Amino acid sequence: MCEGLATLGALIAVFLLFSVLLFAGVTYYECSKADIPPGVANPTDLWRIHGITAAFSILGKTLEKLGICSEIACFQFAMRFAKPKFEEDPELFMKNLQFEGVPVRVYQPRAPSVGDRKGIMYFHGGGFVFGSIDTYDVLCRYIAKKSGAVVVSVGYRLAPEHKYPAAFDDCLGATIHFLKKAAEHGVDSSSIIICGDSAGGNLTAAVCQALVTRTDLPKPLAQVLIYPVVQMVDYNLPSYQQNSMVPLLLRERTLFYKLHYVGSNLSEDLCKEILDGRHVPPQMRMKFSKWLNVDNIPEEFKAKGYKPHTAASFNSDLYEKIKRVFEPHFSPLLAEDSVIGLLPKAYLLTCEFDVLRDEELLYKRRLEENGVPVTWYHVKDGFHGIVSFFDKPNVTSGKMAVDNVVTFIKNL
């Protein structure tokens, strides 16, 4: 009996050791495929964070195949333990409220102000599936204290539980509430800036576009777009080719997040067809070509390894599955000129080693061609997500980027 238990225990131990080694091997293999290019900021930290992300991705996929939980649920569970502990701040009044049923956290500087303050609506990043008021607490505190503005951080609903346009609807509803009730928070309603990073940058652009025809509301003073997601037409722009495997946002992962937001669970083969452009109808491609023309991207961004791409034949069934991605509230780059031309002045932050870089440059071009003043800040050693590392002493580019955003806001 004892020998049998000992043998069973040994077999379990061997199995566990084998599982750990296999998991470590697969994680290392996935990490080895990443591209940490020369000149990128803090390559060691970037590699380390990518390794952690890859490990959780592999764990999540394994649990999903076993029917335990989805890959995204695994990430969301882990992030609950990573969020900072909420603490009061001697320089800020902070309140957790709801604007039209949407959770928000309001950061109001304690220092006295001459007259009403500026207000900032902040939409966090996270690929529409991650992120929260808590995970962006440190950044929003910093912006409020350094800018002297009242910051409203919006806890919009996340995919895949809440599909498009849930996040957009929440951000729009919260913004309209703040525009109407600004005075209750000591804010000048004509001095409200809409701001967001990554997925939050997408929501910022979409909300600003939705507000241009509203005559019953004060106009936003400006929009701050920090490496925003603005299109799902072309995955072969130069930056997608050059930075396809650069953490923290790989080319395939951008598609992964967007598909969860729009509510389409596609096979790997269909995802490859999207990357090849087969989801875009010919008539749409012709219309969008004037806005997604690679000739509109400055030459210096095409110098490194760019090869012009010809889209494969159109798949009408694929288009029907995901056709909502062409709506401007999902892809703000595709809005008509009549909308773009009415937008408030813009601040746009891009990063050299970011797959999204060129679609952001194309959006910048559209804004400028339609008479919208644009302030552009390019982080030459930056990677996607760098502003989230602004408080890390060794990530100086992140701190400089956030301070540049603050300077823009203060000078409005």
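The values are calculated or read from the model by the stated rules, or taken from the named source; none is laboratory data. Just so it is clear, the model here is predicted, and its values are computed rather than measured. All Cβ positions, glycine included, derive from the backbone under ideal geometry; neighbour counts span all protein chains shown.
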Run down Ala167, Ala183, Ala159 and say which single residue is in contact with a Phe, Trp or Tyr (Cβ under 7 Å, 6 or more places away or on another chain) and over 25 Å from Ala401 (Cβ atoms). Ala159
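Ile58: more than 19 Å from the chain's Cα centre (by Cα), at pLDDT below 95 and not in a helix (DSSP H, G or I), yes or no?
no
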Taking the range 140-153, which residues are crowded, with 21+ Cβ neighbours inside 10 Å and out of contact with any Leu (no Cβ under 8 Å at 6 or more places or on another chain)? Cys140, Ile143, Ser147, Ala149, Val150, Val151, Val152, Ser153
Quick one: count up the residues across the range 334-377 that are free of Cβ contacts under 8 Å to residues at least 40 places away in the same chain and under 15 Å from Asp197 (Cβ atoms). 1
Among the residues of the range 154-171, the number that are within 17 Å of Ala210 (Cα to Cα) and either charged (D, E, K, R) or surrounded by fewer than 23 Cβ atoms within 10 Å (Cβ to Cβ) (or both) is 6
Of (1) modelled with pLDDT of 95 or more; (2) surrounded by fewer than 18 Cβ atoms within 10 Å (Cβ to Cβ); (3) not polar (S, T, N, Q), Tyr107 satisfies every one except (2)
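For (1) among the aliphatic types (A, V, I, L, M); (2) surrounded by 18 or more Cβ atoms within 10 Å (Cβ to Cβ); (3) under 23 Å from the mean Cα position of the chain (by Cα); (4) farther than 30 Å from Ile52 by Cα, each residue gets a yes or a no:
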| position | (1), (2), (3), (4) |
| --- | --- |
| Val230 | yes, yes, yes, no |
| Gln241 | no, yes, yes, no |
| Leu248 | yes, yes, yes, no |
| Arg253 | no, no, yes, no |
| Lys323 | no, no, yes, yes |
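Which of the following residues is within 30 Å of Leu46 (Cβ to Cβ), of a type outside the set (A, V, I, L, M, F, W, C) and either at pLDDT 95 or above or outside any loop (DSSP other than H, G, I, E, B) (or both): Glu320, Glu300? Quick ask: steps written out before the conclusion?
Details: Glu320 fails: within 30 Å of Leu46 (Cβ to Cβ).
Among Glu320, Glu300, only Glu300 is within 30 Å of Leu46 (Cβ to Cβ), of a type outside the set (A, V, I, L, M, F, W, C) and either at pLDDT 95 or above or outside any loop (DSSP other than H, G, I, E, B) (or both).
Residue by residue, here is whether (1) of a type outside the set (Ser, Thr, Tyr); (2) buried (at least 16 other Cβ atoms within 10 Å of the Cβ); (3) in contact with a Cys (Cβ under 8 Å, 6 or more places away or on another chain) holds:
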| residue | (1), (2), (3) |
| --- | --- |
| Glu369 | yes, no, no |
| Ser388 | no, yes, no |
| Pro393 | yes, no, no |
| Lys399 | yes, yes, no |
| Lys410 | yes, no, no |
Before we move on, is Ser313 in a helix (DSSP H, G or I), surrounded by fewer than 18 Cβ atoms within 10 Å (Cβ to Cβ) and over 23 Å from the mean Cα position of the chain (by Cα)? no
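So is Arg278 under 25 Å from the mean Cα position of the chain (by Cα), in the same structural domain as Arg366 (by TED's automatic domain parsing), over 26 Å from Cys351 (Cβ atoms) and not in a helix (DSSP H, G or I) or not?
On the way: under 25 Å from the mean Cα position of the chain (by Cα): yes; in the same structural domain as Arg366 (by TED's automatic domain parsing): yes; over 26 Å from Cys351 (Cβ atoms): yes; not in a helix (DSSP H, G or I): yes.
Taking the combined requirement at face value, the residue satisfies it.
Filtering the range 75-104 down to residues that are among the basic types (Lys, Arg) and under 30 Å from Phe256 (Cβ atoms), which residue is modelled with the lowest pLDDT?
Only one residue tops the list, namely Lys83.
On the given criteria, is Leu292 under 27 Å from Pro373 (Cα atoms), in contact (Cβ under 8 Å) with a residue 60 or more places away in the chain, assigned by TED's automatic domain parsing to the domain that holds Phe128 and touching a Phe, Trp or Tyr at 6+ places or on another chain (Cβ under 9 Å)? Walk me through how you get there before you give the answer.
On the way: under 27 Å from Pro373 (Cα atoms): yes; in contact (Cβ under 8 Å) with a residue 60 or more places away in the chain: yes; assigned by TED's automatic domain parsing to the domain that holds Phe128: yes; touching a Phe, Trp or Tyr at 6+ places or on another chain (Cβ under 9 Å): no.
For Leu292, the condition - under 27 Å from Pro373 (Cα atoms), in contact (Cβ under 8 Å) with a residue 60 or more places away in the chain, assigned by TED's automatic domain parsing to the domain that holds Phe128 and touching a Phe, Trp or Tyr at 6+ places or on another chain (Cβ under 9 Å) - is not met.
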What pairs can you find where one residue is in the range 101-123 and assigned by TED's automatic domain parsing to the domain that holds Asp169 and more than 16 Å from Asp134 (Cα to Cα), the other is charged (D, E, K, R) and loosely packed, with under 14 Cβ neighbours inside 10 Å, and their Cβ atoms are less than 9 Å apart, with a gap of 6+ or different chains? Gln108/Lys95; Pro109/Glu91; Arg110/Glu91; Ala111/Glu91; Lys118/Lys410
Regarding the range 310-320, can at least one residue be identified that is touching a residue at least 40 places away in the same chain (Cβ under 8 Å) and β-branched (Val, Ile, Thr)? no
Every residue in the range 39-51 that is surrounded by 13 or more Cβ atoms within 10 Å (Cβ to Cβ) and free of Cβ contacts under 8 Å to residues at least 12 places away in the same chain, please. Pro43, Arg48
Going residue by residue through the range 61-72, is there one that turns out to be more than 28 Å from Lys33 (Cβ to Cβ) and either modelled with pLDDT of 85 or more or part of a loop (DSSP other than H, G, I, E, B) (or both)? no
What number of residues within the range 212-228 are of a type in the set (A, V, I, L, M) and surrounded by fewer than 21 Cβ atoms within 10 Å (Cβ to Cβ)? 3
Pull up the range 119-133, narrow it to residues that are touching a Phe, Trp or Tyr at 6+ places or on another chain (Cβ under 7 Å) and surrounded by fewer than 24 Cβ atoms within 10 Å (Cβ to Cβ), then point me to the one that is nearest to Leu203 (Cα to Cα). Gly127
From the list Gly173, Gly148, pick out the single residue that is within 26 Å of Asn404 (Cβ to Cβ) and either among the aliphatic types (A, V, I, L, M) or touching a residue at least 24 places away in the same chain (Cβ under 8 Å) (or both). Gly148
